[in-house]
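These notes are about the structure you will find just below.
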Amino acid sequence: MRGGLKFFLFTLMLMSPTLSRSEMIVRDYTPARNYRFYAASDRAFVGHSYDFSGVGLGSDGHWATLVTDNCFLSAVHLHPAVGAKVTFWGSNSLTGASYTHTVTGGTRIGTTDLWLGWFDEAVDRSIARYPVPKLRSSKAYLGFTLYNYGRTHRVGRNVLDMLGLCQLGSSTGKIAAYDYDDNDTPSVGGDESFLQVGDSGAPSFVVFNSRLALIGIHWSISNNPASSIDSFVPEYFDEINKELVKKGQVLRRSRWRSRKR
């Protein structure tokens, strides 16, 4: 739901944003549909058409989303620490190939909650590096269907309702927000997601040119109304690139030819 939400949500986030508890809520969660690594014969994974291999999990339980050969995005307040080992799975099976790398450094992007981390070696080429979508106006992102990744490798969906500014603790930045009200257009039905503690630092994707593109990194939530809050990655495309260039790398832009809402 977009109409009538913007001002109230914006005010609530600035005054009293809160963190929730436990793993990401998916409205009608079933392992067969919403657990990435479900292995039984009745598997019907909501993300079966897309490549989630670039989503890694640290030995400290924190998330990393690969954007170049050896650099990833996470959250300032909950990112894999230097020295943590991050594992990427090459498929949607825990018995398939996996690759583990040690975090050797990282830096904050401006005053945001975005953290760019890196390994001392490139991740295997079979693992996805996610581009970032760039549209001409902020309004053009509203209404996109999101694929939200969260704790215990759950994948849910939602619809981007609002873009705004958020100040939380020492971080300030542009955010993408999506509510939890079972009233989305387009409808995501029982896949509708609501972030929880442990999801911070994990990604939200949109589908560009039939592939996943990174649009958000989970930051916080609002409880009234129930809404999830991501750092809005496209806003910081240039700032991220300034850090990547120092390492001889560049963030890829997902160019719009067709899009799935």
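Coordinate-derived values only; no laboratory data. The shown structure was predicted, so the numbers you read here are calculated from the model rather than taken from an experiment. Counting neighbours? That spans all protein chains shown, and the Cβs are built from the backbone with ideal geometry, glycine included.
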Scattering profile of segment 18-152 from the Debye formula, Cα beads only, expressed as log10 I(q)/I(0) at q = 0.10, 0.18, 0.21 Å⁻¹, is -0.37, -1.17, -1.39
Distance (nanometres) between label positions extended 7 Å along Cα→Cβ at Asp120 and Ala97
2.4 nm
With label points built 7 Å along Cα→Cβ from the Cα atoms of Ala81 and Asp60, find their separation and express it in nm.
0.5 nm
Can you give the three extents of the C-alpha atoms in segment 49-95 along their principal axes, from longest to shortest, in whole Å?
31, 21, 17
If each residue's Cβ is checked for other Cβ atoms within 10 Å, how do Val206, Val245 rank with the fewest at the top?
Val245, Val206
Taking a threshold of 25 Å on the Cα-Cα distance, which of the pairs Lys174/Lys242; Lys85/Lys174; Lys85/Lys246 fall above it?
Lys85/Lys174
The local net charge around His48, scoring Lys/Arg +1 and Asp/Glu -1 for residues other than His48 whose Cβ lies under 11 Å from its Cβ, equals +2
State the Cα centre-to-centre distance between segment 40-70 and segment 155-226 in whole Å.
17 Å
What residue among Gly105, Gly190, Gly96 shows peak mean-square fluctuation when the chain is described by a Gaussian network model with Cα springs under 10 Å?
Gly96
Need one word for segment 168-222: rounded, prolate or oblate. Basis is the Cα gyration tensor (sqrt eigenvalues a ≥ b ≥ c); a/c below 1.5 gives rounded, then a/b vs b/c decides.
oblate
Beta bridge orientation in the chain: antiparallel %, DSSP, nearest 5:
95 percent
Using Cα pairs closer than 8 Å and at least 6 residues apart in sequence, work out the relative contact order for segment 33-72, in percent.
24 percent
With a ≥ b ≥ c from the Cα gyration tensor eigenvalues, square-rooted, and the rule rounded for a/c under 1.5, otherwise prolate when a/b > b/c and oblate otherwise, segment 164-261 is oblate
Which residue, Ala226, Ala64, Ala40, has the most motion in a Gaussian network model of the chain that connects Cα atoms within less than 10 Å?
Ala40
Determine the relative contact order of the chain: mean sequence separation of Cα pairs under 8 Å and six or more apart, normalised by residue count, in whole percent.
24 percent
Ser210 paired with Arg136, simple spin-label distance in nm, labels 7 Å along Cα-to-beta-carbon:
2.6 nm
Indicate the gyration tensor shape class of the chain (rounded, prolate or oblate), computed on the Cα atoms with a ≥ b ≥ c the square roots of the eigenvalues: a/c under 1.5 is rounded; otherwise a/b larger than b/c is prolate and the rest oblate.
rounded
